[in-house]
Amino acid sequence: MAKTDGAGDSRKPLISIRNVSLSYGNFRALTDVSVDFYQGELVGLVGDNGAGKTTLIRIISGINPPTSGEVYFDGERITKFHPKKAMDLGLECIQQTIGICDNLSVGRNYFLGREPVKRVFGLPFLDKKKIRETSAKVVHEFGLRDTVDVDDEIALLSGGEKQTFKIARAVTFRNRVIIMDEPTNHLSVRERAHVNELAVQLKQQGLLVIYITHDIFQIHRIADRIVIMENGRKVTDVPRDAMSAEALEGIIRDGGRASAKGPKVA
Amino acid sequence: MNVSMRNTVRRHPEGITISLVILISLAFAVITQGGWVSIGNLQSISQVTAVLAIMAFGEAIVIATGEIDISVGSVSGIGALTFLGLAPMVGSGLALLAAIVCGILIGALNGVFVALLGLPSLLVTLGTLFLFQGIGYAATSGFSFAATDSVRQEFIYNAVGGGNIAGVNVAAIWALIVLVVLQLIVFETPVGNRILAVGGDAASSFSRGVSVTKIKFGVYVVSGVLAAFAGVLDAAFIGYADGSFGATMELSAIAAAVLGGCSLTGGRISLIGTLFGAFMLRGIQSFLILLAVQPQWYILVVGLIVVLASLADRTLTRFALKK
């Protein structure tokens, strides 16, 4: 299918969502959403509860296939939706509610799904030394307490520590895309600032960062572009400079019913 | 409370069972005035423990993923009947193979319903439990299959339950082999890590790229194979089998796993604990026999133990995970 460049942008999108809808039974979680995401861009995906932000992310990260519509990654159409496939394409997602198995150790969680192996008589055994050393280095770099033993079950960590762990894991395995779903939940003020700095750094390193949040004021400071969703539809998609945070907040408050001020209402 | 104690309980859920087994063994030895620890009795306990343990290991792997396999009793029956029914005609080697294939197929059937179609494992495997028990009864219809004298001479027949080594039935050696192999797979390989992860949190595992469907399908096949093999080991030891073969074994297998520290909510298992769980149940059974208690009481005791073990499991998990 010949694809035209979106919205006057001559760059090729890294991820292109075309007319995607998703229904769970009779419930329409997403309706005809089209949006492009570019390399080296920090996009704020904003909207109220139930707007469809997380659902859109679940499609991009391969957890749910769309009911209809198309998803392109680097120009190639995705036909098989599976988180493994998304990870292989270089996409890391910090999910809000999932991503950690409480019963496993910190180290085993860190490498879950991509466990390092050492061959013994040709058989694949876990490389426990590598699991321990690599994960310990990473989580302590990201500021987890020194007393955190990566052999301990991750259930022993606090909510904030778990969130830090997820961020550390996604950032260390970073490749091309990082999606953060409400990454600052459970975090202290200082930690929030740190996460936001990190998002900007990752973008500057050339990654695509999709940042989901409720907080339009927080994201408006750091994002290049803001996408607002409401009731499973994309209602606004503007460069940061095109609208003030207050105007964008107005759109969210009005339930996406486009105020006349909105320059680029989809 | 003491953190290191909590760590110990969390990492070694089987510790309590092993301590209990030692205490109970001492008590049984004293009460029966040495009868329970006589060589003959211990040999007998080792055979029944081994057969139960092999089934319970399969059960434990399924429990690790947060599911359950109630069908193992009748799968062991089908394994036994297939083995003894075919051995006189095709030899024990091919009969063994056929029994294992039956285990694979029944396990795969459970796997299709649970892993692929997402039906509740309790109902699915309860259904296949009755289904294959029914097939077992229908196939024998009042008869029983017995090993012929020539079959009893075959090497394979003796290697899979018919023979002893140093006075101990070979089943005990098989149980140890299965224990070592599964212990390595579950705790030392990527597949094992994913099995435990799926039991801990299936949605999270999936989001990390783990194929929950493949893992769950796989554990049912393993459980089916081990149950059928346990049936073969027991059938070759006893030398005959009828339609009731393996009946209620599923209860003991689940009980052994739970006693051994396997959490029914998934994600936490102990195979060594499961072995001790099996030993405890069979030891109690043997003790009741020595006391000339009616065998029906054994079921009552198993039921009681399962309920108490579940309670202890929850209490201990809460204790171990308290921050």
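The values are calculated or read from the model by the stated rules, or taken from the named source; none is laboratory data. Everything numeric in this text was worked out from a predicted model, so none of it was measured. Positions of Cβ are backbone-derived with ideal geometry, glycine not excepted, and every protein chain shown enters the neighbour counts.
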Subject >> Complete set of residues in segment B:206-224 that are surrounded by fewer than 24 Cβ atoms within 10 Å (Cβ to Cβ) and away from every other protein chain (no Cβ under 14 Å) >> reply: B:Phe217, B:Gly218, B:Val221, B:Val222
Original post:
Based on what the data block shows, is A:Gly99 under 18 Å from the mean Cα position of the chain (by Cα) and in the same structural domain as A:Ala223 (by TED's automatic domain parsing)?
Top reply: no
Subject >> Single condition A:Thr134 does not satisfy, out of (1) within 14 Å of chain B (Cβ to nearest Cβ); (2) not in a loop (DSSP other than H, G, I, E, B) >> reply: (1)
Original post:
surrounded by 15 or more Cβ atoms within 10 Å (Cβ to Cβ), more than 13 Å from B:Pro13 (Cα to Cα) and modelled with pLDDT under 95 - does that describe any residue in segment B:305-317?
Top reply: yes
Original post:
Where residues in segment A:171-198 are of a type in the set (A, V, I, L, M, F, W, C) and crowded, with 23+ Cβ neighbours inside 10 Å, which of them is farthest from the chain's Cα centre (by Cα)?
Top reply: A:Val177
**OP:** Say whether the condition of being within 27 Å of B:Asp242 (Cα to Cα), in contact (Cβ under 8 Å) with a residue 40 or more places away in the chain and either under 19 Å from the mean Cα position of the chain (by Cα) or surrounded by fewer than 16 Cβ atoms within 10 Å (Cβ to Cβ) (or both) is met by at least one residue in segment B:24-44.
**Re:** yes
**OP:** Output the residues belonging to segment B:269-323 that are within 14 Å of chain A (Cβ to nearest Cβ) and over 21 Å from B:Ser19 (Cα atoms).
**Re:** B:Leu321, B:Lys322, B:Lys323
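I'm checking my understanding of the structure. Among residues of segment A:106-121 that are buried (at least 24 other Cβ atoms within 10 Å of the Cβ) and not hydrophobic (A, V, I, L, M, F, W, C), which one is nearest to the other protein chains (Cβ to nearest Cβ)? Before you say what the answer is, go through the steps one by one.
If we filter segment A:106-121 for residues that are buried (at least 24 other Cβ atoms within 10 Å of the Cβ), which is where we start, we get A:106-110, A:112.
Among the residues that remain, those that are also not hydrophobic (A, V, I, L, M, F, W, C) are: A:107-110.
Values: A:Gly107: 10, A:Arg108: 6, A:Asn109: 8, A:Tyr110: 10 Å.
Looking at residues that are buried (at least 24 other Cβ atoms within 10 Å of the Cβ) and not hydrophobic (A, V, I, L, M, F, W, C), I get A:Arg108.
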Subject >> Matching entry among B:Ala235, B:Ala228, B:Ala197 (being in contact with a Lys or Arg (Cβ under 9 Å, 6 or more places away or on another chain), modelled with pLDDT of 95 or more and crowded, with 24+ Cβ neighbours inside 10 Å) >> reply: B:Ala197
Original post:
In segment B:98-125, how many are surrounded by fewer than 16 Cβ atoms within 10 Å (Cβ to Cβ) and free of Cβ contacts under 8 Å to residues at least 60 places away in the same chain?
Top reply: 7
Subject >> Hey, A:Gly44 at pLDDT 95 or above, of a type in the set (Gly, Ala, Ser), closer than 30 Å to A:Gly250 by Cα and buried (at least 21 other Cβ atoms within 10 Å of the Cβ) or not >> reply: yes
**OP:** State yes or no: is A:Leu91 closer than 26 Å to A:Gly255 by Cα, crowded, with 20+ Cβ neighbours inside 10 Å and either more than 8 Å from chain B (Cβ to nearest Cβ) or touching a His at 6+ places or on another chain (Cβ under 6 Å) (or both)?
**Re:** no
Original post:
Of all residues in segment A:150-180, which are in contact with a helix residue (DSSP H, G or I) (Cβ under 8 Å, 6 or more places away or on another chain), assigned to a loop (DSSP other than H, G, I, E, B) and away from chain B (no Cβ under 11 Å)?
Top reply: A:Val150, A:Arg174
Original post:
For A:Thr147, which of the numbered conditions (1) of a type in the set (S, T, N, Q); (2) closer than 21 Å to B:Arg194 by Cα; (3) surrounded by fewer than 21 Cβ atoms within 10 Å (Cβ to Cβ); (4) within 13 Å of chain B (Cβ to nearest Cβ) fails to hold?
Top reply: (2)
**OP:** May I ask you to list the residues in segment A:37-65 that are part of a loop (DSSP other than H, G, I, E, B) and either more than 14 Å from chain B (Cβ to nearest Cβ) or of a type in the set (A, V, I, L, M, F, W, C) (or both)?
**Re:** A:Tyr38, A:Gln39, A:Gly40, A:Glu41, A:Asp48, A:Asn49, A:Gly50, A:Ala51, A:Gly52, A:Ile63
**OP:** Go through segment B:157-166 residue by residue and tally those that are crowded, with 19+ Cβ neighbours inside 10 Å and among the β-branched types (Val, Ile, Thr).
**Re:** 1
**OP:** List the number of the failed condition for B:Gly192; all other conditions in (1) farther than 30 Å from A:Thr55 by Cβ; (2) buried (at least 18 other Cβ atoms within 10 Å of the Cβ); (3) away from chain A (no Cβ under 14 Å) hold.
**Re:** (3)
Original post:
Among the listed residues B:Ser46, B:Ser76, B:Ser71, which satisfies the condition of being at pLDDT 95 or above and touching a strand residue (DSSP E or B) at 6+ places or on another chain (Cβ under 7 Å)?
Top reply: B:Ser46
